[in-house]
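Below: the structure, in structure tokens.
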Amino acid sequence: MTTVLLADDQRLVRAGFRSILDGEPDLEVVGEAADGAEALTLVRELRPDVVLMDVRMPELDGLEATNRIVADPALAGVRVVILTTFDLDDYVYGALRAGASGFLVKDTEPMELIHAVRVVARGDALIAPSVTRRLISEIAGRAAKPVPNTRLNALTEREREVLELVAAGLSNDEIADRLVLSPATAKTHVSRILTKLDARDRAQLVVLAYEAGLVTPGWLG
């Protein structure tokens, strides 16, 4: 059973998400928070697998709450998905830098929401519907000037290729197709990259790749 915490200051949003998620046999909403401070308290108490975190909330905003969750070793198993709207695109890159495992637009389709929670819970892939890929490129383009990262020197040539594709938002299956590998081999490469770079998840790999200048927005096309 995957447990979920909803953090949003709009009760109707929380109610809508709860009705969608609780209708699935493998998902359970275990708590709701109306602000970032309450979300942080409940995360520490309930230890959910996934937190759906709004950006703009009173007391403590979603980015700072995410920062504090990611920084707490006791909460290493908690994954955060930031909720945003198109007029809040500026927050998306900041969310990934804060340690979020992905992000969703609030008007996402119910099946995309369900799929996103499952994907993030198992740590398998950054959420990557077409709108997410577009936003990654747009927001990453606003990152500071690339800073060389010596940790990348530990990667093999093939692993660097895989990292570039991860940064473009491709799933393991898509990476396997592009590089003519088996999905299992692609997954193994990603796991090794995470270990070598001491990265929390694929979302962190995206940030690292862009900030190090390994890839640039829109390079994949």
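I need the full set of residues from segment 25-40 which are open to solvent by less than 50 Å² (accessible area, probe 1.4 Å) and out of contact with any strand residue (DSSP E or B) (no Cβ under 9 Å at 6 or more places or on another chain), in order please.
ALA37
For segment 199-211, which residues satisfy the criterion of being within 17 Å of THR156 (Cβ to Cβ) and either touching a helix residue (DSSP H, G or I) at 6+ places or on another chain (Cβ under 6 Å) or open to solvent by 60 Å² or more (accessible area, probe 1.4 Å) (or both)?
Passing the criteria: ALA199, LEU205, ALA209.
Are there helices (runs of 4 or more DSSP H) fully within segment 1-85 with at least 1 residues that are over 25 Å from HIS115 (Cβ atoms) and touching a residue at least 24 places away in the same chain (Cβ under 8 Å)? List them.
In segment 1-85, the matching helices (runs of 4 or more DSSP H) lie at 36-46, 62-71.
Residue pairs, Cβ under 6 Å, 6 or more apart or interchain, first in segment 159-175 and assigned by the TED database to the domain that holds THR195, second β-branched (Val, Ile, Thr) and modelled with pLDDT under 85. List them.
GLU164/VAL215; ALA167/VAL206; ALA167/VAL215; GLY169/ILE136
So, PRO48, is that one surrounded by fewer than 17 Cβ atoms within 10 Å (Cβ to Cβ) and either over 24 Å from TYR210 (Cβ atoms) or of a type in the set (Lys, Arg) (or both) or not?
no
Among the residues of segment 55-66, count how many are modelled with pLDDT under 90 and within 18 Å of ALA121 (Cα to Cα).
0
Which of the residues belonging to segment 99-118 are open to solvent by 10 Å² or more (accessible area, probe 1.4 Å), in contact with a strand residue (DSSP E or B) (Cβ under 8 Å, 6 or more places away or on another chain) and assigned to a helix (DSSP H, G or I)?
Those that are open to solvent by 10 Å² or more (accessible area, probe 1.4 Å), in contact with a strand residue (DSSP E or B) (Cβ under 8 Å, 6 or more places away or on another chain) and assigned to a helix (DSSP H, G or I): GLU112, ARG118.
Testing ASP124 on (1) surrounded by fewer than 19 Cβ atoms within 10 Å (Cβ to Cβ); (2) part of a loop (DSSP other than H, G, I, E, B); (3) modelled with pLDDT of 80 or more, one condition comes back false. Which one is that?
Single failed check for ASP124: (3).
The values are calculated or read from the model by the stated rules, or taken from the named source; none is laboratory data. All of these numbers come straight from a predicted model, not from anything done at the bench. Ideal geometry is used to build each Cβ from the backbone, glycine not excepted, and the neighbour counts take in all protein chains shown. All accessible areas refer to the heavy atoms of the entire protein, side chains included, with ligands and DNA or RNA removed. Shrake-Rupley method; radii C 1.70, N 1.55, O 1.52, S 1.80 Å.
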